[in-house]
Amino acid sequence: MRHLAFMLCAIIFLSGLVDTPWAYGETYGQLRALNRRAVTVILQRNDFVARVLRTYDIQYQNTKEGVVNRLLIGNNWIDINRIEIVPLMLEEEHGVRVTGHEIFFYTKDNILHLASELTIR
């Protein structure tokens, strides 16, 4: 009897460690839709960064996936490790409006900052 109780507790404990989609009530269709949306957002983000850099005549290189990975600053190509986009918001009477974006380019030694009035959409 003691062994049976131990086995039952072990099974319940181990089943709690399993990370499966059905455990959260997510279906295959929901996961596929989320993956498609993630791809769309990443493409929009990459296109936006490239559009801002073209607008300000900043030379850049990107990967075959469209991710900006190098910027030409002066006569030097600088490798970009990470990019963050922060919307600039303006509170209005009927809500909040995006008035532009700040883009932060993280390099090995510095953080490059670019403020733009362009919006993603």
(request) Please give the FRET efficiency for VAL96 paired with TYR56, using the beta carbon to beta carbon distance and R0 = 22 Å, rounded to the nearest 0.05. (result) 0.30
(request) May I ask you to order 78-86, 100-108, 28-36 by the average number of other C-beta atoms within 10 Å around their residues, highest value first? (result) 100-108, 78-86, 28-36
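Which shape class applies to the stretch 82-121: rounded if a/c is under 1.5, otherwise prolate when a/b exceeds b/c and oblate if not, where a ≥ b ≥ c are the square roots of the Cα gyration tensor eigenvalues?
Details: a/c = 3.58, a/b = 3.07, b/c = 1.17.
Prolate shape, in that a/c is at least 1.5 and a/b is the bigger ratio.
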(message) Can you compute the modelled spin-label distance between GLN44 and LEU118, with each label point 7 Å from Cα toward Cβ, in nm?
(response) 1.6 nm
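Given axes a ≥ b ≥ c from the Cα gyration tensor, I'd like to know whether the stretch 34-119 is rounded (a/c under 1.5), prolate (a/b larger than b/c) or oblate.
oblate
First compute the accessible area of the stretch 30-121 with a 1.4 Å probe, then give the percent of it belonging to carbon and sulfur atoms.
Values: 3380 of 6720 Å².
Here it works out to 50 percent.
The values are calculated or read from the model by the stated rules, or taken from the named source; none is laboratory data. Here the structure is a predicted model, which means the values were calculated and not measured. Using ideal geometry, Cβ is built from the backbone for each residue, glycine included, and neighbour counts are taken over all protein chains shown. Accessible surface areas use protein heavy atoms only, side chains included; no ligands, DNA or RNA. Shrake-Rupley method; radii C 1.70, N 1.55, O 1.52, S 1.80 Å.
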